[in-house]
Every structure is written in structure tokens, then in C-alpha cells.
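The values are calculated or read from the model by the stated rules, or taken from the named source; none is laboratory data. From a predicted model like this one, the values you see are computed outputs, not experimental measurements. Positions of Cβ are backbone-derived with ideal geometry, glycine not excepted, and every protein chain shown enters the neighbour counts.
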Amino acid sequence: TSPQLDCAGRILRLDRARVMGIVNVTPDSFSDGGAHDTTEAAVAHGLKLVEEGADLLDIGGESTRPGAAPVSVEEELRRVIPVIEQLAARTQVPISIDTFKPEVMRAAVAAGAGMINDIYGLRQEGALDAAAATGVPVVLMHMQGEPGHMQADPHYDDVVAEVHGFLVQRLFAAEMAGIAKKNLLIDLGFGFGKTTAHNMTLLARSERFLELGVPMLAGLSRKRSLGELTGRDTPSERVAASVAAHLIAVQRGARIVRVHDVAATVDALKIWQAVEAVPTPRADA
Ligand SMILES: Nc1nc2[nH]c(S[C@@H](C(=O)O)c3ccccc3)nc2c(=O)[nH]1
């Protein structure tokens, strides 16, 4: 049986790389920031990404960009719950909640989310128990430091070994908390306490993490490192770089890519899948 994730009843097959579309529900990312506008615009954006071919959506109510103001539980719930309810009702794809707050995890799954995406790798107080109680798959991501200062001066003796060790520890903690291994995914956390050199080293050596035995998610979409490498100072000018980076991530083992530009990424992966489908010549042929 080919690998798959049961996202609260919505099955995400991992027989081929899957595309996770990003839906940010942060007032500053929509028109006048009014609550109704924000919900409506976020739902419309999510529906558009599914039309473009997204296999699942990632709903985030708190920007974790360096320097972003923290958001209260109440405010984050006000932002994400209506969007999750509407998208779960109007699409068939699994909905992931991008949060590190236990209360938001529980409420989001109750509202229809089928996956938890936690940039803190369930390290916040109560997060392990909350995630275990929901029974949905969880993405455990590596981050060095905190969003507020993680990019000040990231340093590793051996970035691959240190990220690997962190993920081994989080996988163990999650399984000890009662989360089945079939419900666990890992993510190297590109841009979370890493220089561009660190990010490229991790991307180059992604296959090293496959021995952990769980699907890997990669998120490089429009990130600063891609801007540094291309000279594209505006995130929306980093589409080609993002597509290239995610194609490489898939070639080196990633099973899910978290992207803004769904249509472009879906097209690129179709070419990859066509090449993957070509049978390997028989040794004696
Ligand atoms: N699992 C997983 N979740 C994620 N959430 C985000 S937020 C991202 C942004 O797109 O703004 C971002 C980029 C750089 C700094 C802060 C926030 N990035 C990921 C990721 O790489 N993996």
C-alpha cells in the first residue's frame, strides 16, 4: 500500500509529491483589514488555490516573520476558524492549521482542519497533548531560536547534524505523547534560524533525513534566501526561484511542498512525474 495520510477522514495520498497552498489570514495581507473582508478574501484565495491544483491548504493566522507582532489566542481563533469552516465545507482537500498554540490546534480540528503544521515542533506548553488528542497528522519543523531574533546571526557547527538531531528528538517526544508515527511528518524549517548557506546545505542534503522514516515537507516559497541568490528583492518576483527550489526538494525526497504559487508548482511537478514514470532500463537489456 502506498503511503497516505488520513487527515480527519480526508485522505492525502503520498504516492507522488503533493502541493500545499498557503492561505495567510492576517489583516495586513488583505484589503481594509476588516474581519469580514479578511475571511471572505482568505476563503476566495483558498478556493482559487484548489482550482489551481492544490492538494491541501495551510491556513495561518499569525505571521511568524521576524519582528511580526504576536497575536493572542482569541484574535488567532477569530481569524482562522471561520476560514477553516468555510473551506472545509466548500472543498474536499485536507485543511492544515499553521499554528503553535494548543488551543488553536484543538479548535481548528474541531472546525474541520485535518492536519497540524507547527513551526515550533510541538514545543509550546500543552502542544504535544493537544496534537495527540486531535488524532490528525502533525508537521514537526526545525527552528533555531525564536521568530523575533532567529535571523540575527544563525550559527551551527554542523547544520545537517544539528537539524537531524532536533527532529529525532521531536519525533521521539511526539511518539511518547501518543502520536502514531504514521501521523508524523518532518520539515527542515528553511529560513527559521538559518543563513542562505545553511538553507542550501540542508536542501542539498535533504535525502539524509529520509532515514527518519516519515514524509518530509519543504517550504522555501518566496523566501529571503531565494531573493538573495537571485537579486529579486520583492517576494512576488521569486516565483521561478521558488518553483526551482521546490522541484529540487522533491527530487531530494520532499513529499509535500508548501507554496504560494500553486499553478506554477503543479506544472513543474507534472514534468518531474513524467520523467519519474519512465521505467528504469533492465540491467540485461
Ligand atoms: N511547515 C512549515 N510551515 C511554515 N510556515 C512558514 S511562514 C514563512 C512565510 O511563508 O512567511 C516564513 C518564512 C520565513 C520566516 C518566517 C516565516 N514557513 C514554513 C515552512 O517552511 N514550513
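Check Ser242 against each of (1) closer than 26 Å to Leu140 by Cα; (2) of a type outside the set (D, E, K, R); (3) touching a residue at least 60 places away in the same chain (Cβ under 8 Å) and name the one condition it does not meet.
The one condition Ser242 does not meet is (3).
Just the residues that are in contact (Cβ under 8 Å) with a residue 40 or more places away in the chain and either more than 14 Å from Pro94 (Cβ to Cβ) or away from the ligand (no atom under 14 Å from the Cβ) (or both), please, taken from region 114-133.
Scanning region 114-133 gives Gly114, Ile119, Gly121, Leu122, Arg123, Leu128, Asp129, Ala131, Ala132.
Inside region 235-247, can you point out the residues that are buried (at least 17 other Cβ atoms within 10 Å of the Cβ) and either of a type in the set (A, V, I, L, M) or at pLDDT below 95 (or both)?
Of everything in region 235-247, those that are buried (at least 17 other Cβ atoms within 10 Å of the Cβ) and either of a type in the set (A, V, I, L, M) or at pLDDT below 95 (or both) turn out to be Val239, Ala241, Val243, Ala245, Leu247.
If only one of Val275, Val262, Val266 is away from the ligand (no atom under 16 Å from the Cβ), farther than 30 Å from Glu175 by Cβ and surrounded by 15 or more Cβ atoms within 10 Å (Cβ to Cβ), which one is it?
Sole residue among the options that is away from the ligand (no atom under 16 Å from the Cβ), farther than 30 Å from Glu175 by Cβ and surrounded by 15 or more Cβ atoms within 10 Å (Cβ to Cβ): Val266.
Could you tell me how many of the residues in region 26-60 are buried (at least 23 other Cβ atoms within 10 Å of the Cβ) and at pLDDT below 95?
Of the residues in region 26-60, 1 are buried (at least 23 other Cβ atoms within 10 Å of the Cβ) and at pLDDT below 95.
From the list Ala283, Ala249, exactly one residue is part of a helix (DSSP H, G or I) and at negative phi. Which is it?
Of Ala283, Ala249, the one residue that is part of a helix (DSSP H, G or I) and at negative phi is Ala249.
I'm told Ile116 meets every condition in (1) modelled with pLDDT of 95 or more; (2) farther than 24 Å from Met216 by Cβ except one. Can you identify the failing condition by its number?
Against the list (1) modelled with pLDDT of 95 or more; (2) farther than 24 Å from Met216 by Cβ, Ile116 comes up short only on (2).
Report, by residue number, each residue of region 88-113 that is part of a helix (DSSP H, G or I), in contact (Cβ under 8 Å) with a residue 40 or more places away in the chain and surrounded by fewer than 23 Cβ atoms within 10 Å (Cβ to Cβ).
Arg90 - this is the single residue of region 88-113 that is part of a helix (DSSP H, G or I), in contact (Cβ under 8 Å) with a residue 40 or more places away in the chain and surrounded by fewer than 23 Cβ atoms within 10 Å (Cβ to Cβ).
Is one or more of the residues making up region 68-84 surrounded by 16 or more Cβ atoms within 10 Å (Cβ to Cβ) and not in a helix (DSSP H, G or I)?
yes
Out of Gly213, Gly231, Gly227, I need the residue that is surrounded by fewer than 18 Cβ atoms within 10 Å (Cβ to Cβ), within 12 Å of the ligand (Cβ to nearest atom) and more than 14 Å from Ala17 (Cβ to Cβ). Which one?
After applying the criteria, what remains is Gly227.
Within the set of pairs 6 or more residues apart or between chains, which connect a residue that is on the phi < 0 side of the Ramachandran plot and assigned to a loop (DSSP other than H, G, I, E, B) inside region 147-168 to a residue that is within 16 Å of the ligand (Cβ to nearest atom) and charged (D, E, K, R) with Cβ atoms less than 9 Å apart?
Pro147/Arg65; Met150/Lys194; Gln151/Lys194; Gln151/Arg224; Pro154/Lys194; Tyr156/Lys194
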